[in-house]
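S.K.: Let me give you the structure first, and then I'll get to my questions.
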Amino acid sequence: MKAKDSATLRGSIAVGTAPPTGTAGITGTRAAVPRHGTLLASLGVVAFSLTFPSTAWGLESFGPWSFVAVRSVLAGGFLLALRVPLPERRHLGGLVVVAGGVVVGFPLLTTLALRTSSTSHAAVVVGLLPLTTAAFAAVRTRRRPPRAFWAAALVGAAVVIAFALQQSGGVPSTGDLYLFGALLVCAAGYTEGGRLARVMPGWQVIGWALVLCLPFALAGAAFTLTAEPVRLTVHGVLGLLWVAAGSTFFGLYVWYRGMAAIGIARASQLQLAQPLLTLVWSVLLLSESLSPAVPLAAVGVLVCIAVTQRAGA
């Protein structure tokens with residue numbers, strides 16, 4: 001292989017894009033990129049799975065509005081300090097959708113929901129996010145996954161819904177409207193972010209989404225910190241720092257890179273494991289109790305993940 005082609009290939013894999021046409025036939029190239037993308041997307045899922053427990057900790061110190069505002073200020077300020085390169089004008093519309101859905105909408109709606117819902121209940125309701133994201137991606141990108149993919153995704157969603165109802169005693173919690181709204185705005189943000197990550201590095205996608213929100217976050221923080229009580233605790237500060245640096249920055253960075261490498265719909269199905277991971281964290285970090293249905297739900301969801309990954313997107 002020529003040195004120039006080798007460098008181009010390494011660079012394309014590093015930013016999570018497909019290799020150029022001239023190198024597509026190299027042995028191992030097609031398999032290497034999806035494996036790399038799956039690992040990155042999986043790291044994002046692990047980071048996201050800690051969001052609800054961290055938010056529950058953060059609400060010990062902050063009100064819901066001030067928590068989200070300060071979270072956005074911290075994450076946006078960090079990215080601004082890195083001097084994120086200016087995006088092209090044609091990408092601004094997609095970045096606004098990412099900012100509205102992932103940086104503002106989802107954190108705010110789920111934080112409001114967690115005032116009345118347990119983290120375990122919220123986690124299983126938001127388990128519908130993979131199917132919602134796949135539906136948004138099919139419409140937005142005009143790509144149609146095979147029927148086996150949709151069948152497994154629907155079964156996975158059914159398992160999640162049944163598990164949610166079992167956990168809540170068959171009666172939806174008062175925060176469910178917030179959670180279902182969060183599903184819609186987050187799916188839109190994931191879809192646009194995954195699309196943009198194919199043409200620009202994933203860290204720049206989330207970086208500019210955060211920077212776009214920074215002026216509003218600063219104003220919101222200044223107002224809400226005086227309007228809502230603040231009682232700093234170790235848990236509260238750690239929760240805030242994790243959702244700002246771990247979930248918002250690191251999680252979305254690796255998530256968008258993974259989506260760019262393996263496709264939006266396939267990556268979204270990895271999130272079927274997120275509710276179950278969150279349930280584990282809720283037991284370990286919040287001492288919440290779980291029903292015996294957890295292992296059964298875990299097996300069902302993991303089987304669905306395996307089928308969707310095999311079917312492809």
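The values are calculated or read from the model by the stated rules, or taken from the named source; none is laboratory data. Worth saying up front: this structure is predicted, and the values here are computed from it rather than measured. Glycine also receives a Cβ, built like all others from the backbone with ideal geometry; neighbour counts cover every protein chain displayed. In case anyone asks, the SASA skips ligands and DNA or RNA and just uses the protein heavy atoms, side chains included. Shrake-Rupley method; radii C 1.70, N 1.55, O 1.52, S 1.80 Å.
S.K.: At 1.4 Å probe size, with every protein chain present, just tell me what the per residue accessible area of the stretch 126-181 comes to in Å². List each step's numbers first, then the result.
M.R.: On the way: 2990 Å² over 56 residues.
I get 53 Å² per residue for the stretch 126-181.
S.K.: How large is the accessible surface per residue of the stretch 251-313, computed with a 1.4 Å probe and reported in Å² as a whole number? Working shown, then result.
M.R.: Values: 2390 Å² over 63 residues.
I get 38 Å² per residue for the stretch 251-313.
S.K.: If you count only protein heavy atoms with a 1.4 Å probe, what accessible area per residue comes out for the stretch 36-118, rounded to a whole Å²?
M.R.: 39 Å²
S.K.: Another question, if that's okay. What is the sum of charges, Lys and Arg at +1 and Asp and Glu at -1, for the other residues whose Cβ falls under 14 Å from the Cβ of residue 42? Provide the component values of the computation, followed by the final result.
M.R.: Numbers: positive: 35, 257, 266; negative: none.
Neighbour charge sum, excluding residue 42 itself: +3.
S.K.: Using a Förster distance of 45 angstrom, determine the FRET efficiency expected from the C-beta separation of residue 241 and residue 155, and round it to 0.05.
M.R.: Working: r = 37 Å, r/R0 = 0.83.
Computed FRET efficiency for residue 241 and residue 155 comes out at 0.75.
S.K.: How large, in percent, is the carbon and sulfur part of the accessible surface of the stretch 100-236 at a probe radius of 1.4 Å?
M.R.: Numbers: 4220 of 5990 Å².
It is 71 percent, rounded to a whole number.
S.K.: Roll a 1.4 angstrom probe over the protein heavy atoms and tell me the percent of accessible area of the stretch 244-284 that is carbon or sulfur.
M.R.: Numbers: 700 of 940 Å².
Looking at the stretch 244-284 in its full context, I get 75 percent from C and S.
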